Amino acid sequence: MGLEQHVDFSTNVSGHSLDPVKTESLNVHVTSCKPGPFISDHCVIKAVLYIKKDNIISKSVASRNYKRIDNIEFSTALNSIEVEDQSIDTFVEQFESELSDVLEQHAPLKERTCVCRPSKS
């Protein structure tokens, strides 16, 4: 099953190894595993572990808060867009530019940094 047993000494007064210390993760390394004092008929196991932490990855995310837009002001600003209709290409370019300006005014683009954590599975 890919498990590694780290106790190679008796953990019971009868001489048996009844208390295991097992690991399966590649991120965990047992540097030492020694018997400690006996409590009742079992001994304490002193294990020193080295656990490798994953690197933290962050990414920048841009978003707009559309919920904070005042619908009446936004609608008024959209209705006031004036575009010259010389050709369809320039019309579309001007309309997109004006629309972007109105959107930036009412719901500005905000950047934030998110930490991406690996799944715990």
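What follows is calculated from the coordinates using simple rules that are stated; it is not laboratory data. From a predicted model like this one, the values you see are computed outputs, not experimental measurements. Using ideal geometry, Cβ is built from the backbone for each residue, glycine included, and neighbour counts are taken over all protein chains shown.
Side notes on the structure shown:
- Remark: pairs (first residue in region 91-103, within 15 Å of Y66 (Cα to Cα); second residue β-branched (V, I, T); Cβ separation under 8 Å; 6+ apart in sequence or on different chains) = L99/I81; V102/I81.
- Annotation note: Cβ proximity below 7 Å between a residue of region 11-39 that is free of Cβ contacts under 8 Å to residues at least 12 places away in the same chain and a residue that is of a type outside the set (K, R) and part of a strand (DSSP E or B) (sequence gap 6+ or interchain) occurs for G36/C43; G36/V44; G36/I45; P37/C43; P37/V44.
- Residues located in region 19-42, provided they are in a loop (DSSP other than H, G, I, E, B) and of a type in the set (A, V, I, L, M, F, W, C): V21, L26
- Residue count for region 8-29 satisfying the condition of being touching a strand residue (DSSP E or B) at 6+ places or on another chain (Cβ under 6 Å) and either at positive phi or among the aliphatic types (A, V, I, L, M) (or both): 3.
- Just so you know, in region 53-77 the residues that are of a type in the set (K, R) and surrounded by fewer than 10 Cβ atoms within 10 Å (Cβ to Cβ) include one that is farthest from Q5 (Cα to Cα), and it is R68.
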